[in-house]
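To start, the structure itself, in structure tokens.
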Amino acid sequence: MFDSISERFQGIFKDIRGMGKITDKNIQEPLREVRKALLEADVNYKVVKKFMASVKEKSLGEKVLTSITPGQKIVKIIYDEMVSLMDQEKGEIDIKSGFSSLMLVGLQGSGKTTTAGKLSSYFKKNDLSTMLVAADTKRLAARQQLKTIADQVGSDFFTIEDEVNPVLIINAAKETAQKKGIRRLIVDTAGRLHVENELMEELASIQKNLIPDEVLFVADATTGQDAVNICKEFNSFLTLSGIILTKMDGDARGGAAMSIAYTTGKTIKFVGIGEKLGDFEPFYPDRMASRILGMGDIVGLVEKAQSTFDEKTAIKMEEKFRKNEFDLNDFLQSLRQIKKMGPLEGLLKMIPGAANMGKLSIDEKEILHVEALMSSMTMEERMKPDVIDSSRKKRISHGAGRSVQELNSLLKRFLMMKKMMKNMGKFGKKFKMPAFPG
Ligand SMILES: Nc1nc2c(ncn2[C@@H]2O[C@H](COP(=O)(O)OP(=O)(O)OP(=O)(O)O)[C@@H](O)[C@H]2O)c(=O)[nH]1
Ligand SMILES: [Mg+2]
């Protein structure tokens with residue numbers, strides 16, 4: 001799903017995160033790339049314009065640029081903006097109340113009949129009995145197609161063969177369903193290649209008669225902006241209550257998903273992600289944004305890091321690195337900071353490409369052992385680890401209940417980190433956070 005756009009964004013985000021100092025000027029180029037990526041994904045240009053204006057306004061403030069992690073903050077701003085773009089007024093499909101009915105509308109081949117079956121299967125999982133109603137009297141094989149699907153789901157099915165008026169079929173279906181105590185009526189309607197008056201009149205009269213709780217527009221996500229425009233047209237004839245985007249598994253570029261809710265003001269309620277009945281899920285703007293941006297759970301990671309990583313401590317550490325004053329106390333403190341961020345394995349998995357970063361993981365037990373070793377040192381030893389000779393080593397490790405080898409490895413890692421920091425210092429202020437030691 002969205003392979004090309006998410007790859008683009010991953011590249012852009014890598015660049016943004018890699019920028020040491022971000023200024024009003026040097027952020028322009030990456031932001032232009034963001035704009036290009038959105039347009040290439042077939043996002044409506046008006047939506048792109050609004051999106052970029054909002055991202056710029058939020059990113060270029062003093063507070064973001066002078067923070068210690070401006071790159072991450074900008075990535076988060078882009079993510080949040082994308083979520084809000086897709087997050088129109090809430091309105092989940094009611095799966096609790098008594099009898100209700102819904103109708104699916106859309107152009108030919110958009111996925112109405114398939115989606116009717118998927119919805120029925122979704123309701124069934126929520127212990128709701130459903131009746132699938134074939135009201136597409138236009139296409140010859142339409143009723144049979146829905147009947148086959150109903151059999152697969154194990155749902156009730158209703159139609160009147162030879163009846164050409166869908167309203168009559170639906171009225172009879174409603175009566176039968178209520179008699180049988182069925183709680184959900186799902187009406188599959190006819191499609192056309194284009195928006196045509198004849199179809200719109202038919203659908204409007206169904207809506208007027210049935211008064212359904214939901215009128216869901218089924219849109220083929222691979223058609224991008226066309227889907228958005230057609231949705232607007234349908235909405236001018238009918239009162240749509242929401243959207244279902246289908247074929248998100250195909251070569252959908254993301255444009256429809258990103259623009260349709262914002263442009264039409266209608267909520268995307270479900271997405272179809274394959275041809276099978278189970279390839280269907282409720283729509284969550286935050287998850288969709290993560291998928292489009294190829295972020296894995298990076299947002300969760302950034303939020304977690306921001307809430308636990310004390311900025312003041314981080315700035316102090318950075319100073320120490322630069323002045324080469326970093327001692328074992330600071331080493332322990334940075335380990336503790338990292339530990340506060342939660343189970344490290346989980347954290348590392350959230351970072352895209354973490355596998356390529358070499359030994360970054362810190363065993364939580366290791367931190368406990370380091371803490372034990374350090375607490376058995378004198379203040380002088382912690383500040384000037386050089387004084388730790390072999391007899392001191394024996395004393396420290398004995399006091400901590402750890403081995404001399406472990407103490408050696410701690411000292412070695414500390415020296416390595418110190419050296420690394422010193423080198424980084426030479427490259428100027430590129431280094432922004434007391435990174436993960438190890
Ligand atoms: N890959 C994929 N294919 C889908 C999805 N939803 C529907 N399809 C396929 O799209 C084609 C058309 O689906 P239908 O459900 O028949 O579409 P329709 O809107 O009922 O079409 P008409 O009845 O002709 O108006 C079928 O081959 C479906 O298998 C989806 O989410 N992913
Ligand atoms: Mg159909």
Report task. Kindly list, by first and then second residue, each pair from a residue in segment 244-263 that is on the phi > 0 side of the Ramachandran plot to a residue that is crowded, with 24+ Cβ neighbours inside 10 Å, limited to pairs with Cβ atoms under 6 Å and residues at least 6 apart or on different chains. Result -> LYS247/ALA221; GLY254/ILE5; GLY254/ALA41; GLY254/ILE292
Query raised in the report: Listed residues LEU146, LEU107, LEU140, LEU132; which is in contact with a Phe, Trp or Tyr (Cβ under 6 Å, 6 or more places away or on another chain) and within 12 Å of ligand 2 (Cβ to nearest atom)?
Result: LEU132
Query raised in the report: Quick check: is even one residue across segment 108-129 within 22 Å of ALA227 (Cα to Cα), open to solvent by 30 Å² or more (accessible area, probe 1.4 Å) and either in contact with a Leu (Cβ under 6 Å, 6 or more places away or on another chain) or aliphatic (A, V, I, L, M) (or both)?
Result: yes
Query raised in the report: Looking at segment 242-260, which of the residues that are open to solvent by less than 40 Å² (accessible area, probe 1.4 Å) and in a loop (DSSP other than H, G, I, E, B) is farthest from ASN44 (Cα to Cα)?
Result: GLY250
Report summary line: Taking segment 95-139 and keeping residues more than 16 Å from ligand 1 (Cβ to nearest atom) and either assigned to a loop (DSSP other than H, G, I, E, B) or closer than 20 Å to THR223 by Cβ (or both) leaves ILE95, LYS96, SER97, GLY98, PHE99, ASN126, ASP127, LEU128, SER129
Requested in this report: List every residue pair whose Cβ atoms lie under 8 Å apart, where the two residues are 6 or more positions apart in sequence or sit on different chains, the first residue falls within segment 204-228 and is closer than 30 Å to THR176 by Cβ, and the second residue, located anywhere, is among the acidic types (Asp, Glu) and open to solvent by 10 Å² or more (accessible area, probe 1.4 Å).
Outcome: ASP213/ASP94
Requested in this report: From GLU175, GLU196, GLU201, GLU163, grab the single residue that is more than 23 Å from GLY278 (Cβ to Cβ) and within 16 Å of ligand 1 (Cβ to nearest atom).
Outcome: GLU196
Requested in this report: Determine which single condition LYS49 fails, assuming it passes every other condition in (1) surrounded by fewer than 16 Cβ atoms within 10 Å (Cβ to Cβ); (2) within 16 Å of ligand 1 (Cβ to nearest atom); (3) assigned to a helix (DSSP H, G or I).
Outcome: (2)
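Right, GLY255: over 19 Å from the mean Cα position of the chain (by Cα) and among the small types (Gly, Ala, Ser) or not?
no
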Report task. Inspect all residues belonging to segment 147-161 and state whether any of them is open to solvent by 30 Å² or more (accessible area, probe 1.4 Å), out of contact with any strand residue (DSSP E or B) (no Cβ under 9 Å at 6 or more places or on another chain), charged (D, E, K, R) and at pLDDT below 90. Result -> no
Query raised in the report: So how many residues does segment 261-284 have that are within 18 Å of GLN225 (Cα to Cα) and in a loop (DSSP other than H, G, I, E, B)?
Result: 3
Query raised in the report: Could you give every pair whose Cβ atoms fall below 7 Å, whose first residue belongs to segment 111-126 and is over 15 Å from LYS269 (Cα atoms), and whose second residue is assigned to a helix (DSSP H, G or I) and away from ligand 2 (no atom under 14 Å from the Cβ), counting only separations of at least 6 or pairs across chains?
Result: GLY117/GLN152; GLY117/VAL153; SER121/VAL153; LYS124/VAL153
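The values are calculated or read from the model by the stated rules, or taken from the named source; none is laboratory data. As the structure is a computational prediction, the values presented were derived from the model and not from experiment. For neighbour counting, all protein chains shown are included, and Cβ atoms are generated from backbone atoms with ideal geometry for every residue, glycine included. Quick note on the areas: whole protein, heavy atoms, side chains included, nothing else; ligands and nucleic acids left out. Shrake-Rupley method; radii C 1.70, N 1.55, O 1.52, S 1.80 Å.
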